[in-house]
Every structure is written in C-alpha cells, then in structure tokens.
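> Here it is, the structure in full.
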Amino acid sequence: AAKSQGRGNFQFFSSDMNAATHERLLLESRLWRALEQEEFELHLQAQVELASGAIIGAEALLRWHHPELGTVGPDRFIPIAEESGLILPLGDWVLRQAVRLLVRWREQGLGHLRLAVNLSARQCHGGGLLPLLDGLLAEMAGHGIAPALLELEITESAAMRDPESSRALLRELRSRGLKVAIDDFGTGYSSLSYLKLFELDRIKIDRGFVKDIESDPNDAVIVAATIALAHTLRLQVIAEGVETAAQRDFLSSKGCDEAQGYLFARPLPVERFEALARGNPTATAEVRPDGSDPT
Ligand code: C2E
Ligand code: MG
Ligand code: MG
Ligand code: MG
C-alpha cells in the first residue's frame, strides 16, 4: 500500500503542481529534519565603523548545508521556514548559537564585538521570544556580557505587519538593554512616521539603495537624506551591501556610522571571521561566495 501511495503522490506532484511548488514541498520536507541533523550553520559578516575602519561586530547569517541539495541560501528557505512554522525552533537555535559565540568571544579576547541576529515576523509576534531572551540574558550576565552586545534586526516589513505589537516588543527588547535595528530600511513602502513610533538604536539602509549610489542621483539623495534624518532622531545608521570604495567614501562623507558588505568581507565561517577580527588580513582570501573554504 505504501508503495502505491508513494507512486500516487508522485503523479499528483508532477501533474498538478508546477515546479516551484514542487521545490517548495521538497525543501519543506527536508527542512524539518535539518535542525536535528545539524545541517544549519551560522556565517558571520563583519560590520565596520566607517570613521576608523575597525570591525566592531558581525551579522549572523544562516546557512543550510543539505547532503544532497548542497548549500541552500536563506532567501530560498527562510520564507518556507516562516510559513511552515519551523522558523520558531530555528530562530531559537540561531539565538542560542549567537549567545554561545558571544561567550566564546568574551573568553578569547574578542569581547568587544557586537553580534546582530535576524528575527522573523513570526518570531516577533509569537509569545516565545522574550522568555527565551530572558534566559539567554541571564546566561550572558553570568559571563559578564553586556546586553548591548546582542543586536536584534527586524525588517521594516515585519515590523509594519503589526505596528502596535512591534512597538510593544521593541520597547521590551530595549528595556532589557538589547540593541534593535530596522533591517532593509526603505523597502517596506511604509511611512517614515513609524521611526517616531518605534524605539530603535539603528537603521540598516537596504543594499538596493547603496548599489546605485554612484549612478543614480535619486538613490544618492535618498541615502544622504536618510542618514541625516536618522541622526536627527538620534539613531545610528549602518549601510548594507557596500561593494566598492566609492560607495564607502560617499557613505563616509554623508556621516554614515557603519557599513557592511563584500568590500570589507563576505559572510564567513565563524573561525574565519574571528581571524579577520583579530586582524589577520588573509582571513578573507580564498573564500567562495557561499563562504565555504576551497582548501
Ligand atoms: P539581510 O538580513 O538583509 O542580510 C543581508 C544579505 O545581504 C545577506 O544575504 C548577505 O550575504 C548579503 N550581502 C552582504 N553584503 C553584500 C554585498 O556587498 N553585496 C551583495 N550583493 N549582497 C551582500 P543572505 O546571507 O543570503 O541572507 C538573505 C536574507 O535571509 C537576510 O537578509 C535575512 O533577511 C535572511 N536571513 C539570514 N539569516 C537569517 C536568520 O538567522 N533568521 C532570519 N529570520 N532570517 C535570516
Ligand atoms: Mg539582516
Ligand atoms: Mg538587510
Ligand atoms: Mg535583505
């Protein structure tokens, strides 16, 4: 019976569903086992203070290495994890890993580094986030790690999905001393007035604006105005997706505080990032775009 059922399922997939739906179902079924099979890994992308050029922290970016599918990018699996609910245990795992990294840094002379973690909409609006964070904050306190070294990134669109609940959450996060950044700033088609509504530390200018700073005068004006507006509201600004020295210099000249992008470093496996943060200039050499090491 199982065999004929399996065959029936296959016919159902191939005839009634398009390739995209099929891929989705395939990834979803693999995703649920991926957590217990330890197929996830965090890569770290350096965040740089523009005035000094110093690495002041990193953003944790999820990677999924499936034995047959290879490395699957978060743009493909995060939306599926979000819809299926897997993002809740996965997001918890990311936060626990992040705190393990902060502890390790504290013990290994990298205790000045901040670590930013992406939160999904579902994580923000479920009830489990604050209890988890309270446990993790107690662990951090036990190691003498300031809450401000953990930053939570929430996309503009996730925050705007339920502005009242987001507002309450951000206030709770900041009352604990955690840092909060709005990710992908400028892409959410939302009114700037929410900047007044939410308690924030930082906005991350989306790489879509940074990309064309040199060629599109509109983007240059938007970026410059965003930096000025943020500073007026006493928010820090980090630009993402900085790939060229010209982009960096423009951002610097407009007073942008920090930057992140391939110009400085790609997302790297943890040890490689740590070597880079210790000042080893060869740390980024010979790393493929997915961060893997060809050697
Ligand atoms: P994001 O949070 O906006 O992360 C920045 C993305 O831009 C990363 O893509 C990073 O690799 C890429 N990037 C960085 N610098 C450059 C650059 O100079 N040029 C270009 N072209 N790209 C650059 P990635 O790692 O593929 O992640 C994509 C998105 O997946 C993230 O966007 C974030 O929304 C989501 N994501 C990643 N990890 C997590 C996670 O742990 N939890 C959740 N909820 N979402 C995550
Ligand atoms: Mg992010
Ligand atoms: Mg972003
Ligand atoms: Mg993005």
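> Checking I203 against (1) touching a residue at least 40 places away in the same chain (Cβ under 8 Å); (2) within 16 Å of ligand 2 (Cβ to nearest atom); (3) not hydroxyl-bearing (S, T, Y), only one condition comes out false. Which one?
(1)
> Go through (1) open to solvent by 70 Å² or more (accessible area, probe 1.4 Å); (2) without any contact (Cβ under 8 Å) to a residue 60 or more places away in the chain; (3) not aliphatic (A, V, I, L, M) for G53 and report which single condition fails.
Every listed condition holds for G53 apart from (1).
> When residues of region 73-93 are filtered for being within 10 Å of ligand 1 (Cβ to nearest atom), surrounded by fewer than 21 Cβ atoms within 10 Å (Cβ to Cβ) and hydrophobic (A, V, I, L, M, F, W, C), how many remain?
So the first thing to find is which residues in region 73-93 are within 10 Å of ligand 1 (Cβ to nearest atom), and the list is 73-79, 81-82, 87, 90-91, 93.
Those left that are additionally surrounded by fewer than 21 Cβ atoms within 10 Å (Cβ to Cβ): 73-76, 78-79, 82, 93.
Now narrow it down to the ones that are hydrophobic (A, V, I, L, M, F, W, C): 78, 93.
The qualifying residues number 2.
> I need every pair where a residue in region 31-48 that is open to solvent by 20 Å² or more (accessible area, probe 1.4 Å) has its Cβ under 7 Å from the Cβ of a residue that is part of a loop (DSSP other than H, G, I, E, B), sequence separation at least 6 or different chains.
Pairs that qualify, where the first residue is open to solvent by 20 Å² or more (accessible area, probe 1.4 Å) and the partner is part of a loop (DSSP other than H, G, I, E, B), are W32/L86.
> Can I ask one more? Please determine, by comparing only the residues of region 134-144 that are under 21 Å from the mean Cα position of the chain (by Cα) and hydrophobic (A, V, I, L, M, F, W, C), which one is surrounded by the fewest Cβ atoms within 10 Å (Cβ to Cβ).
Just the residues of region 134-144 that are under 21 Å from the mean Cα position of the chain (by Cα), to begin with: 134, 136-137, 140.
Now drop any that are not hydrophobic (A, V, I, L, M, F, W, C), which leaves 136-137, 140.
Values: L136: 21, L137: 18, M140: 21.
Among residues in region 134-144 that are under 21 Å from the mean Cα position of the chain (by Cα) and hydrophobic (A, V, I, L, M, F, W, C), the one surrounded by the fewest Cβ atoms within 10 Å (Cβ to Cβ) is L137.
> Can you tell me which residues in region 55-69 are out of contact with any Asp or Glu (no Cβ under 9 Å at 6 or more places or on another chain) and farther than 16 Å from A116 by Cβ?
To start, the set of residues in region 55-69 that are out of contact with any Asp or Glu (no Cβ under 9 Å at 6 or more places or on another chain) comprises 58, 60-61, 68-69.
Selection gives E68, L69.
> Does region 177-190 include one or more residues that are over 14 Å from the mean Cα position of the chain (by Cα), open to solvent by 50 Å² or more (accessible area, probe 1.4 Å), within 16 Å of ligand 3 (Cβ to nearest atom) and closer than 30 Å to V223 by Cα? Show your work before the answer.
If we filter region 177-190 for residues that are over 14 Å from the mean Cα position of the chain (by Cα), which is where we start, we get 177-178, 186-190.
Adding the requirement that they be open to solvent by 50 Å² or more (accessible area, probe 1.4 Å) leaves 187, 189.
Those still in the list that are within 16 Å of ligand 3 (Cβ to nearest atom) too: 187, 189.
With closer than 30 Å to V223 by Cα added as a condition, the list becomes 187, 189.
Taking every residue of region 177-190 in turn, at least one turns out to be over 14 Å from the mean Cα position of the chain (by Cα), open to solvent by 50 Å² or more (accessible area, probe 1.4 Å), within 16 Å of ligand 3 (Cβ to nearest atom) and closer than 30 Å to V223 by Cα.
> Could I ask something else about it? Any idea which residue in region 202-232 is most open to solvent (accessible area, probe 1.4 Å), counting only those that are in a loop (DSSP other than H, G, I, E, B) and more than 14 Å from C256 (Cα to Cα)? Steps first, answer last, please.
First, pick out the residues of region 202-232 that are in a loop (DSSP other than H, G, I, E, B): 206, 212-216.
In the following step, the residues that additionally are more than 14 Å from C256 (Cα to Cα) were identified as 212, 214-216.
Working: D212: 47, E214: 110, S215: 89, D216: 49 Å².
For region 202-232, the residue satisfying everything is E214.
> With the requirement that a residue be away from ligand 3 (no atom under 12 Å from the Cβ) and out of contact with any Asp or Glu (no Cβ under 8 Å at 6 or more places or on another chain), what does region 197-219 give you?
Correct list: L197, F198, E199, L200, E214, S215, D216, P217, N218.
The values are calculated or read from the model by the stated rules, or taken from the named source; none is laboratory data. The shown structure was predicted, so the numbers you read here are calculated from the model rather than taken from an experiment. Methodologically, a virtual Cβ is constructed for each residue, glycine included, from the backbone with ideal geometry; neighbour enumeration extends over all protein chains shown. Protein only, heavy atoms only, side chains kept; ligands, DNA and RNA dropped before computing areas. Shrake-Rupley method; radii C 1.70, N 1.55, O 1.52, S 1.80 Å.
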